[in-house]
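Quick note: the coordinates plus some simple rules give every number you see, no bench work behind them. As the structure is a computational prediction, the values presented were derived from the model and not from experiment. Backbone-built Cβ (ideal geometry, glycine too); neighbour counts: all protein chains shown.
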Amino acid sequence: MRHNYIILFLFLFLFSCDRISQNINSDAADNEYLPPSTTPLKFTSPKPFTWLNSSANKSMPDPVFIDIERLPKEPLDLLDFKPFKTPVTQKDFDFETLPSDYFDIDTLPEEKLKYSLSALGNPTVINTPLPEIKDSAQTNILVIDDLEFSSAINDLLIDDQGDTWIATNDGLYHFAGDKCYQYGTDQGLKAILIRKIIQDEKGRLWLGTSMGIIILDTKSGLIKSITQDEGLVQNDVTSILIVDKDEVWVGSYDGGIDIINETNTSIKHLTYRQKISENYILNMMKDSKGLIWVGTASGGVDIIDMNKNLVRHCKYSTGLNDNTVYGLFESEPGVIWISSGEFVNIMDLNQSKMSLLNTDPGINMAYVNAYYKDIKGYIWLASNKGLSIVDLKNSRYKTIISSNDLLNKRFICIKKNKNNKIWIGTSEGLNIVDEIQKLTYINRKKDISSDQFYQQIEDETGNIWVGTDKGVSIISPDLKSKRFLEIFGGIAFIFEDSSGKIWMSGYASQGLFIYDKKMKTLRNFNITHGLADNLLFPAIEDKSGNIWCTFPENAGIMTIHLDDFKMQTLNLKTSLSGTPAFGFIEKENGDIWMSTAGKGIICLDTKAGVYREINDTTGLKTKFVSQLKSDKNNKIWFGS
């Protein structure tokens with residue numbers, strides 16, 4: 001029986017409190033609920049109750065002097081910003097003096113654009129689990145953990161409806177609300193290795209695949225395919241860029257760039273023969289000034305200015321730290337980030353400066369594949385060594401997640417949806433983080449060093465007290481350090497009263513611990529000092545300074561005054577044997593309402609000395625009531 005009470009209280013007391021769940025819905029569709037039914041509120045007839053003085057003729061426990069500020073302090077690393085170890089280097093850079101060649105798009109080789117048409121089949125529905133923080137996680141990033149969705153992710157798209165599309169090695173995935181749909185060869189796609197995905201102004205999806213370009217029109221159910229047979233120089237597409245409403249540029253391995261114009265039904269070819277550095281194209285970007293940046297596999301970056309009919313070349317010999325360009329990003333007008341190997345060159349065209357961001361400041365990065373600028377102006381770097389955030393203005397950084405945290409994953413792409421969820425594609429699957437919500441994740445093994453942790457509170461000074469199976473961990477307000485107070489049997493329940501005292505109890509029948517922060521003393525109360533039992537849980541403090549405690553094994557209820565520790569036991573005519581109290585609230589008039597595990601709700605009129613009950617005989621659906629909450633309109637909510 002004792003074991004059953006402990007399990008019951010662990011579940012109901014802890015998990016029905018105001019806690020943030022680790023399973024967080026990712027843009028789930030709104031559920032539909034039936035309207036609430038209304039029944040008249042009825043009470044049983046009033047019955048008298050009395051109080052028994054339980055601490056009379058009982059001695060007080062001796063105080064033990066403990067100064068928590070003198071407990072050994074350990075650093076706590078919760079992935080906060082760290083200052084750069086070395087400053088970012090900067091040098092003068094003149095963009096106008098870069099080597100250049102004449103370029104005229106009208107003189108490029110051209111042929112007639114052709115398509116092959118097919119029908120789009122119905123997608124396969126995948127019941128993916130909701131994203132969650134893994135028990136073994138070192139960070140606050142949510143993971144979709146599912147064998148059906150563990151493919152390498154190459155690109156992400158948030159469409160004009162706010163849905164997420166994911167290009168993978170195993171086809172195309174579409175997240176809409178709480179559903180996930182898969183498109184592959186069964187739906188008519190010519191290839192399932194999809195490297196890039198974009199959406200045009202017509203709402204169509206352009207997929208860059210290992211077998212050319214696929215244009216997906218989900219509204220009409222049509223697929224247009226463009227391969228070498230239809231005019232591409234190479235099938236192995238690496239990048240897609242919409243230059244304007246009429247032109248889509250397609251980069252490939254060893255094929256240069258194909259320029260598709262659907263209005264003119266033409267396809268033009270731009271290769272090294274037309275003065276780009278080489279035919280191995282890795283990525284492309286159009287900046288705020290209309291310049292087109294082309295990252296290559298070994299020729300650096302080419303910058304095409306169609307207004308001036310110029311193509312400029314920037315490579316190792318003219319300022320870059322490496323000729324292999326893995327990522328391109330414009331953080332603000334005229335500021336271009338170019339990633340190559342373990343280097344990120346930041347080209348400021350406004351100030352004629354080139355900055356170098358590498359591993360010297362402490363950032364663990366290599367081969368940055370994608371960038372994202374958040375609402376605070378910080379730059380997120382997705383690389384083969386993890387995900388980092390850089391604050392250049394204040395010369396600091398933080399590592400959100402390293403590749404070692406999740407089986408050496410490579411971080412490949414980042415996109416934000418309309419609900420401020422940042423979707424992060426990796427070589428192993430999906431991760432999601434909320435940009436708005438300030439979520440700090442404390443890991444029980446790495447940060448707390450315990451097998452279990454239970455209730456947590458923030459005290460009046462900002463310290464966070466965490467009950468564990470070994471005692472209580474005390475985390476500093478700035479989340480930079482922690483201290484540990486060992487208590488045999490562990491601490492499961494923690495409560496702070498209005499005077500700042502910390503009340504603690506556990507599951508090992510150790511009684512009640514009260515820590516006085518002002519006097520720096522710890523007292524341990526048990527049955528020899530007046531407690532009804534050594535297994536108890538402090539619940540609420542009433543307006544008179546009494547702490548209400550419930551005893552699950554003997555179903556008793558006591559109050560203990562926070563100043564003189566006077567104990568009183570509630571004496572009811574209704575037996576609570578086997579049906580202990582769970583939750584307590586105090587109403588504005590001083591009445592105390594208690595939820596029980598079999599007697600419904602007991603309502604104490606503390607002034608009149610009587611109580612009434614609300615149970616299955618007066619209109620409740622059940623006699624089992626867990627937690628009680630009172631809202632700002634004085635309505636009382638309870639779970640059953």
The size of the Cβ-based charge dipole (Lys, Arg +1; Asp, Glu -1) of the chain about the Cα centre, to the nearest 20 debye, is 1960
Given the Cα atoms of segment 460-564, and with Rh set as the inverse mean 1/r over their pairs in the Kirkwood sense, what is Rg to Rh to two decimals?
-> 0.96
Under a straight-distance cross-link criterion of Cα-Cα below 18 Å, which lysines are reachable from Lys58, leaving out those fewer than 8 residues away in the same chain?
-> Lys566
Can you give me the three principal axis dimensions of segment 215-285 from its C-alpha atoms, in Å, biggest first?
-> 40, 22, 21
Hey, if you put +1 on the Cβ of every Lys and Arg and -1 on every Asp and Glu Cβ in the chain, which of Ser476, Ser151, Asn589 ends up farthest toward the positive end of that dipole?
-> Asn589
Computed on alpha carbon atoms, what radius of gyration and Dmax characterise segment 302-351, expressed in Å?
-> 11.2, 34
Positive end of the charge dipole of the chain (Lys, Arg +1 and Asp, Glu -1 on Cβ, about the Cα centre): tell me which of Thr107, Tyr372, Thr579 has its Cα farthest that way.
-> Thr579
Mean ellipticity per residue at 222 nm, deg cm²/dmol - from DSSP H runs of n ≥ 4 across the chain, formula -39500 (n - 2.57) = -500 deg cm²/dmol
hull vol. (C-alpha, convex hull) per residue for the chain, Å³ -> 184
Given the candidates Asn615, Ile636, Trp249, the one whose Cα lies deepest towards the positive end of the charge dipole of the chain, counting +1 at each Lys or Arg C-beta and -1 at each Asp or Glu C-beta, is Asn615
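For segment 178-300, what is the per residue volume of the convex hull drawn over the alpha-carbon atoms, in cubic angstrom?
Values: hull volume 16.3 nm³, N = 123.
Taking only Cα atoms, segment 178-300 has a hull volume of 132 Å³ per residue.
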Could you pull out every residue, at least 5 positions away or on a different chain, whose amide H is within less than 5 Å of the one on Asp170? Hs are placed 1.01 Å off N in the peptide plane, and Pro or chain starts have none.
-> Ile194
Could you list which residues have their amide H under 5 Å from that of Tyr326, counting only those 5 or more apart in sequence or on another chain, with H placed in the peptide plane?
-> Ser339, Ser340, Gly341
Check Phe84: other-chain or 5+ apart residues with amide H under 5 Å from its amide H, H built from backbone geometry?
-> Arg396, Tyr397
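In a shell of Cβ-Cβ distance under 12 Å around Ser266, excluding Ser266 itself, what net charge do Lys and Arg (+1) and Asp and Glu (-1) give?
Working: positive: Lys112, Lys114, Lys268; negative: Asp106, Glu110, Glu111, Asp246, Glu247, Asp258, Glu262.
Around Ser266, the charge tally is -4.
What is the fewest-to-most order of Thr468, Thr271 by other Cβ atoms lying within 10 Å of their Cβ?
Details: Thr468 23, Thr271 18.
Placing the least packed residue first, the sequence is Thr271, Thr468.
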Using alpha carbons only, what's the Rg to Rh ratio of segment 258-386 with Rh from Kirkwood?
-> 0.99
So, counting K/R as plus one and D/E as minus one, what does the shell of residues with Cβ under 13 Å around Pro61 add up to?
-> 0
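So, counting K/R as plus one and D/E as minus one, what does the shell of residues with Cβ under 10 Å around Val472 add up to?
On the way: positive: Lys470, Arg483; negative: Glu486.
Combined, the nearby Lys, Arg, Asp and Glu give +1.
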Return one quarter of the surface area of the convex hull spanned by the alpha-carbon atoms of segment 530-640, equal to its mean projected area, in nm².
-> 7.1
Set the Förster radius R0 to 51 Å, insert the Cβ-Cβ distance between Trp51 and Lys480 as r into 1/(1 + (r/R0)^6), and round the FRET efficiency to 0.05.
-> 0.65
